[in-house]
Amino acid sequence: MFSTVAVDGEVRRWEDLRLQDFAQGFFFGAGFFTTFRIDGGVPLFLARHLARLEASLAAFPGAVRPPARQHLSEPSVRDTLRRCLASDAALGPGFTGVGKLSASDGHLLLTLRPPAPDAERLRREGRALDAVEHGAYRRAESTPNHKGLSYFRQYALMERLPLLGNEAGEVCELPTANLFFHLDGALVTPPLDAPCLPGIVRAMLLEAGHVAGLPVVERPVPLARLADASACFFTNSAVLATGVPRLLGRELPQSLALAEQARALIEAAARRES
């Protein structure tokens with residue numbers, strides 16, 4: 001992570017932040033965050049990220065003190081990002097990487113980090129998924145629908161990256177991504193009450209309606225049905241879409257091409273919205 005940050009629109013240094021200003025978020029995880037991709041200094045889908053962040057804050061009004069509304073406006077965040085990039089030679093106006101907005105204790109913290117070191121390799125080669133965490137979630141549990149600062153459950157599983165399932169034996173998500181499967185002539189993603197995070201890229205693909213001629217639908221995905229999947233990819237805002245060339249020991253050679261088509265669709269949407 002870079003040392004340049006911003007708190008409530010004021011450009012600061014990470015080492016100068018005070019723990020007491022974020023005590024509820026630090027000690028209790030009472031807050032929410034969103035991570036967004038930045039390409040050439042331009043944040044992708046920022047309005048959507050802010051809308052999701054505000055929706056989470058509104059869902060827990062008594063537990064999390066939200067930042068002042070003006071700090072959550074898209075023009076304000078864009079201006080804050082611009083000033084952060086301009087103030088640090090290690091970043092610069094053309095910065096490409098990832099931004100993170102964290103809302104807790106009445107403050108909005110913006111931090112920045114470089115792209116994942118394996119991002120290009122993931123685009124080319126994808127990532128095999130060979131593990132399942134059975135019963136990780138309960139069906140209709142609401143907290144996974146929000147990207148809370150209490151993120152240890154997902155963080156502890158990031159390196160292994162298992163499929164997270166619910167008590168009904170259905171697929172929910174990955175620790176850091178939503179899942180899509182080519183099943184029964186459609187591109188299927190688990191529903192929000194599986195549960196899973198309402199990912200920004202996930203929503204974009206559902207809105208698009210089709211990827212590579214396949215209808216995009218939201219419905220339960222039993223773990224037992226994964227043996228019938230002919231392709232799979234996962235999505236998040238940092239890497240957009242990543243193919244899964246091997247799923248639970250089965251080779252899925254169509255996954256990389258399907259992920260590439262999904263990524264092209266999202267990149268085109270990003271150009272329109274940014």
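The values are calculated or read from the model by the stated rules, or taken from the named source; none is laboratory data. Nothing here was measured: the structure is a model prediction, and the numbers come from that model. No Cβ is skipped: glycine too gets one built from the backbone with ideal geometry, and neighbour counts run over all protein chains shown.
From the residues in region 150-168 that are surrounded by 20 or more Cβ atoms within 10 Å (Cβ to Cβ) and touching a residue at least 40 places away in the same chain (Cβ under 8 Å), which one is farthest from C84 (Cα to Cα)?
Residues of region 150-168 surrounded by 20 or more Cβ atoms within 10 Å (Cβ to Cβ): 163-166.
Add one more test, that the residue is touching a residue at least 40 places away in the same chain (Cβ under 8 Å), and what stays is 163, 165.
Numbers: L163: 36, G165: 39 Å.
This residue is G165.
Search region 47-69 for residues being free of Cβ contacts under 8 Å to residues at least 40 places away in the same chain and over 18 Å from P144 (Cα atoms), and hand back the single one that is surrounded by the fewest Cβ atoms within 10 Å (Cβ to Cβ).
Among residues in region 47-69 that are free of Cβ contacts under 8 Å to residues at least 40 places away in the same chain and over 18 Å from P144 (Cα atoms), the one surrounded by the fewest Cβ atoms within 10 Å (Cβ to Cβ) is G62.
Select from region 27-54 the residues that are touching a strand residue (DSSP E or B) at 6+ places or on another chain (Cβ under 8 Å) and of a type in the set (F, W, Y) and write down the one among them that is nearest to A268 (Cα to Cα). If you could, list the steps in order and put the result at the bottom.
As a first pass, look at region 27-54 and keep what is touching a strand residue (DSSP E or B) at 6+ places or on another chain (Cβ under 8 Å): 29-38, 43-46, 49-50, 52-53.
Now restrict to residues that are of a type in the set (F, W, Y): 32-33, 36, 45.
Working: F32: 28, F33: 25, F36: 16, F45: 12 Å.
Going through the qualifying residues, I end up with F45.
Only one of these is of a type in the set (A, V, I, L, M), outside the structural domain of R52 (by TED's automatic domain parsing) and touching a strand residue (DSSP E or B) at 6+ places or on another chain (Cβ under 9 Å): L108, L91, L129, L85. Name it. Write out each step before concluding.
Details: L108 fails: outside the structural domain of R52 (by TED's automatic domain parsing); L91 fails: outside the structural domain of R52 (by TED's automatic domain parsing); L85 fails: outside the structural domain of R52 (by TED's automatic domain parsing).
From the options L108, L91, L129, L85, the qualifying one is L129.
If a residue counts only when it is touching a residue at least 40 places away in the same chain (Cβ under 8 Å), which strands (runs of 3 or more DSSP E) contained entirely in region 183-270 have at least 3 such residues? Even if it seems obvious, please write down each step before you answer.
Numbers: elements: 186-189, 214-218, 231-236, 240-243.
In region 183-270, the matching strands (runs of 3 or more DSSP E) lie at 231-236, 240-243.
Restricted to region 100-136, and to residues that are in contact with an Asp or Glu (Cβ under 8 Å, 6 or more places away or on another chain) and part of a strand (DSSP E or B), which residue is farthest from A51 (Cα to Cα)?
Only one residue fits best here, namely G135.
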